[in-house]
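Engineer: To start, I am sharing the structure in question, which I have written as structure tokens.
Readers should treat all values here as calculations from the given coordinates under stated rules, not as data from a laboratory. Here the structure is a predicted model, which is why all the values come from computation and not from measurement. Every residue, glycine among them, receives a Cβ derived from its backbone with ideal geometry; neighbour counts consider all protein chains shown.
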Amino acid sequence: MSTDDLPLAPTGGCGDGCACGADEEGEEQLECGLDPALAALLAESGLDPVEIEDIANVTVQEDLAGGVDVTTVATIPEDAVATADFVAREAGVVAGLRVAEAVLSVVCEDEFEVERHVEDGDLIEAGQRLLSVTTRTRDLLTAERSALNILGRMSGIASATRAWADVLEGSRTRVRDTRKTTPGLRSLEKYAVRCGGGVNHRMSLSDAALVKDNHVLAAGGVAEAFKAVRETFPDLPVEVEVDTLHQLHEAVEAGADLILLDNFTPGECAEAVTLTAGRAELEASGRLTLENARAYADTGVDFLAVGALTHSSPVLDIGLDLRPAE
């Protein structure tokens, strides 16, 4: 696969280090400056290579703040070469390895060799090597924190998601995320959820409708809000949030594709499943914990919406160890 075949982001904005350029007519366009093989791996994972390159550049530029890595420049000879091992300090699920490679690629002045020991979504143990990179020592140390910040964040989300997926195993219910994501990192965090065995809710405000309580209030009722969205955007799926079984009945009769049961108890969710009788998918939200997740799943709802996957998951501890290049 060449970079010409890869999906490109409609907008850029990462600064001087990005792959943004202009064509012969002066029209601004976006090209992926990552290695074609790495760009292809990112695209195959559902990540936009141009967006990942942008994020990598912004992250590194933030760390350098327009200067240089003064400690590394002062202590490491310019021509020194080493191998860096990304090593798990604790067990979990890894996610973001190719993104870490993208960070290295925007820092490294020379070509670098990569040895991949595991893949995103794999269960890993403390002490396990995940990725080994050989190149200039200065570049490895300059990229270290930026790469680890992203890798640890994404792996933490994947690990937390796997815990929910394990509890739900054997049921029809899937855990999925929300839009409670870190600004600028939504695609990475939602990818990490997929690596952990979860599924994604809508990626943005534009790819699906979610009629919430404020929309219902403004429109004058559940049925009225649903009708307005359906008429304006007839081709998009419409989810309706309900607080009571009466509202649920209204949403089902209106034709909602998916209904969010806000702060329902397991007993109320079971009633909702019976009342809906398969006419709409059901998603439980609020009151959810790992301890009660199975009770909710046993009611027969289709999804558990867990915002904590992306807004509260602890970082998975991953470190970088240098050793002489072979």
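Engineer: If packing is taken as the mean number of other Cβ atoms within 10 Å per residue, what is the order of 79-85, 102-108, highest first?
Structural biologist: Values: 79-85: 16.4, 102-108: 24.0.
The packing order, highest mean first, is 102-108, 79-85.
Engineer: Let me ask another. Compute the long axis of helix 97-107 from its Cα atoms, compare it with the longest principal axis of the Cα atoms of the chain, and write down the angle in degrees, 0 to 90, nearest 10.
Structural biologist: In the chain, helix 97-107 runs at an angle near 40 degrees to the longest axis.
Engineer: Something else now. Starting from the Cα coordinates of the chain, work out the convex hull volume and express it per residue in Å³. Spell out each step's value before the answer.
Structural biologist: Working: hull volume 53.4 nm³, N = 326.
Enclosed volume per residue, from the Cα hull, is 164 Å³.
Engineer: Sticking with this structure for a sec: Would you mind checking the tilt of helix 222-232 against the longest principal axis of the Cα atoms of the chain, expressed as 0 to 90 degrees and rounded to 10?
Structural biologist: In the chain, helix 222-232 runs at an angle near 60 degrees to the longest axis.
Engineer: Sticking with this structure for a sec: Calculate the spin-label point distance for Ala325 paired with Lys212, positioning each point 7 Å from the Cα along the beta-carbon direction, and give it in nanometres.
Structural biologist: 5.1 nm
Engineer: Rg and Dmax of segment 66-211 over Cα atoms: what are they, in angstrom?
Structural biologist: Spelled out, the Cα radius of gyration and Dmax of segment 66-211 are 17.8, 59 Å.
Engineer: Now for a different question. With axes computed from alpha carbons, what is the tilt in degrees of helix 245-254 against the longest principal axis of the chain, rounded to the nearest 10 within 0 to 90?
Structural biologist: That helix lies at roughly 80 degrees to the long axis.
Engineer: Okay, moving on. For segment 45-62 and segment 121-196, write down the distance between their C-alpha centroids in whole Å.
Structural biologist: Computed from Cα coordinates, the inter-centre distance equals 15 Å.
Engineer: Rounded to two decimals, what ratio of Rg to Rh does segment 146-191 give with C-alpha atoms and a Kirkwood Rh?
Structural biologist: Radius of gyration over Kirkwood radius for segment 146-191 works out to 1.04.
Engineer: Something else now. Give me the compactness ratio for segment 168-311, meaning the Cα radius of gyration over 2.2 N^0.38 Å.
Structural biologist: Relative to the 2.2 N^0.38 Å estimate, segment 168-311 comes out at 1.02.
Engineer: I need to check one value: relative contact order of the chain, counting alpha carbon pairs closer than 8 Å and at least 6 residues apart, in percent. List each step's numbers first, then the result.
Structural biologist: On the way: 622 pairs, mean separation 59.5, N = 326.
Relative contact order of the chain: 18 percent.
Engineer: Take every Cα-Cα distance within segment 231-326, group them into 5 Å bins from 0 onward, and report for each bin the whole-number percent of pairs it holds.
Structural biologist: 2, 12, 21, 18, 13, 9, 6, 4, 3, 3, 3, 3, 2, 0
Engineer: Hey, what D do you get for segment 127-224 in µm²/s if you plug the Kirkwood alpha-carbon radius into Stokes-Einstein at 10 °C and 1.306 mPa s? Display every interim value, and only then the final one.
Structural biologist: Values: Rh = 16.5 Å.
The Stokes-Einstein estimate is 96 µm²/s.
Engineer: Going by average Cβ neighbours within 10 Å, how do the peptides 128-136, 216-224 rank, with the highest at the top?
Structural biologist: Details: 128-136: 20.1, 216-224: 15.8.
Those peptides, ordered most packed to least, come out 128-136, 216-224.
Engineer: Report the antiparallel proportion of the DSSP beta bridges in the chain as a percent, rounded to a multiple of 5. Please list the in-between numbers first.
Structural biologist: Working: 23 of 42 bridges.
DSSP beta bridges in the chain are roughly 55 percent antiparallel.
Engineer: In whole Hz and in residue order, list the ³J(HN,Hα) couplings for segment 38-52 that follow from phi through the Karplus curve 6.51 cos²θ - 1.76 cosθ + 1.60, θ = phi - 60°; x for Gly and Pro.
Structural biologist: Running phi through 6.51 cos²θ - 1.76 cosθ + 1.60 with θ = phi - 60° gives 5, 4, 5, 5, 5, 4, 5, 7, x, 10, 7, x, 5, 5, 5 Hz.
Engineer: Here's something else I'd like to know. Rg and Dmax of segment 281-326, Cα atoms, in Å?
Structural biologist: Calculated on Cα positions, Rg and Dmax stand at 18.4, 57 Å.
Engineer: I've got another one for you. Checking the cross-link filter: which aspartates and glutamates have an alpha carbon closer than 16 Å to that of Lys227, excluding same-chain neighbours under 8 positions apart?
Structural biologist: Hits, sequence-local ones excluded: Asp213, Asp235, Glu239, Glu241, Glu250, Glu253, Asp257.
Engineer: Here is a further query. Straight distance only, please: which aspartates and glutamates reach the Cα of Lys180 with their own Cα at less than 12 Å, same-chain residues fewer than 8 apart left out?
Structural biologist: Glu189
Engineer: Now, a different point. Between Leu210 and residues 5 or more places away or on another chain, which pairs have amide H atoms under 5 Å apart, with H built 1.01 Å from N, and which residues are they?
Structural biologist: Glu239
Engineer: Mean residue ellipticity at 222 nm from the helices of the chain, using -39,500 (n - 2.57) per DSSP H segment of n ≥ 4 over the full residue count, to the nearest 500 deg cm²/dmol?
Structural biologist: Working: 12 runs with 132 residues, N = 326.
When only DSSP H runs of four or more count, the value is -12500 deg cm²/dmol.
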